[in-house]
Amino acid sequence: MANSVQSDSAVLVHFTMKLDDGTTAESTRAGGKPALFRLGDTSLSEGLEQHLLGQKAGAKLAFTLQPQEAFGISSPDLIQYFSRREFIDAGEPEPGAIMLFTAMDGSEMPGVIREVNGDSITVDFNHPLAGQVIHFDIEVLDVDPVLETLHADSAG
């Protein structure tokens with residue numbers, strides 16, 4: 001068991017992410033359920049992983065990541081326009097709603113409805129926090145936690 005976070009560690013953390021205006025974007029503390037991440041699996045940004053490296057259980061961190069270090073810069077190439085008739089089966093989209101779209105390769109990707117204007121519907125496929133400065137408050141609860149699994153009792 002590693003006593004500090006390494007480049008391939010699993011880390012159990014409580015975190016709060018806030019935007020520049022103080023709005024909480026996400027927090028594990030509200031629900032009381034910590035999050036489990038594995039460094040190096042691309043679920044965390046490189047900037048966030050750099051702050052976690054070397055930390056030990058019990059560490060409390062507060063730091064800010066610029067958009068390019070957090071969820072990326074918002075790309076105009078990821079904003080697409082659809083005709084209202086393409087939404088006939090899905091129903092009337094509302095601005096702010098997140099919908100799943102099927103890509104050409106069959107994979108699904110979420111898109112945020114940004115605008116409904118006449119026959120045109122604007123969908124943003126950028127990460128919802130792209131382009132935002134993110135303020136993190138993280139508490140490392142455990143490094144490489146032993147995950148409890150259910151075992152069938154083999155005693156006979």
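The values are calculated or read from the model by the stated rules, or taken from the named source; none is laboratory data. All values derive from a computational prediction rather than experimental measurement. Here the Cβ positions follow ideal geometry from the backbone for every residue, glycine too, while neighbour counts run over all protein chains shown.
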Which one is farthest from Asp144 (Cα to Cα), of the residues in the range 13-34 that are among the hydrophobic types (A, V, I, L, M, F, W, C) and modelled with pLDDT of 95 or more? Leu19
Only one of Gly40, Gly47, Gly106 is over 22 Å from Pro128 (Cβ atoms) and in the same structural domain as Asp137 (by TED's automatic domain parsing); which? Gly40
Name the one entry in Ile121, Ile138 that is in a strand (DSSP E or B) and in contact with a Pro (Cβ under 9 Å, 6 or more places away or on another chain). Ile121
Of all residues in the range 37-68 being in a strand (DSSP E or B) and at pLDDT below 95, which is surrounded by the fewest Cβ atoms within 10 Å (Cβ to Cβ)? Arg38
Any residue at all in the range 89-98 that's among the aliphatic types (A, V, I, L, M), outside any strand (DSSP E or B) and surrounded by fewer than 16 Cβ atoms within 10 Å (Cβ to Cβ)? yes
Residues satisfying the stated conditions in the range 16-36, i.e. within 20 Å of Gln68 (Cβ to Cβ) and either touching a His at 6+ places or on another chain (Cβ under 9 Å) or assigned to a strand (DSSP E or B) (or both): Met17, Lys18, Leu19, Asp20, Ala25, Glu26
